[in-house]
Amino acid sequence: MSNLRDRLLQWAATLKTNLQALYLATRHPETPWLAAAIAVAVVAYALSPIDLIPDFIPVIGYLDDLLLVPAGIWLAIHLIPDPIWQACREEALKHPFAMPKNRTAAIVVVLLWLLLALLLWLWLCTD
């Protein structure tokens, strides 16, 4: 059981490092725009307090965290040129958890979720 716990802790640490490296890659001037856009979306979603599927729903509530975030990270990593990714990953490993706390970004994420909720509500109510 300890081996499984160790592997899960290692996976979580890798996930955090990759999220931080993605954040750094979005700020790198040579990152392609599509990779940067996907990386921004993945980092914003991972840090967002609002999920597509609320966590309080048994079992499926964590599916978005366990599937969507790693899949988004994988896609963004594969779109970022390898030298840029390696440099950002090394920087993230040197300075762990250095992602800034930005209230403006948090407000933008919350406003986007509210806009999506409003659009969904309007779409459902127009029947």
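The values are calculated or read from the model by the stated rules, or taken from the named source; none is laboratory data. Remember, predicted model here, so these are calculated numbers, not experimental data. Don't worry about glycine lacking a Cβ; one is built from the backbone with ideal geometry, like all the others, and counts go over all protein chains shown.
Any idea which of Tyr23, Tyr62 is part of a helix (DSSP H, G or I), within 15 Å of the chain's Cα centre (by Cα) and modelled with pLDDT of 80 or more? Of Tyr23, Tyr62, the one residue that is part of a helix (DSSP H, G or I), within 15 Å of the chain's Cα centre (by Cα) and modelled with pLDDT of 80 or more is Tyr23. Counting the residues of the range 65-83 that are hydrophobic (A, V, I, L, M, F, W, C), at pLDDT below 90 and surrounded by 13 or more Cβ atoms within 10 Å (Cβ to Cβ) gives 2.
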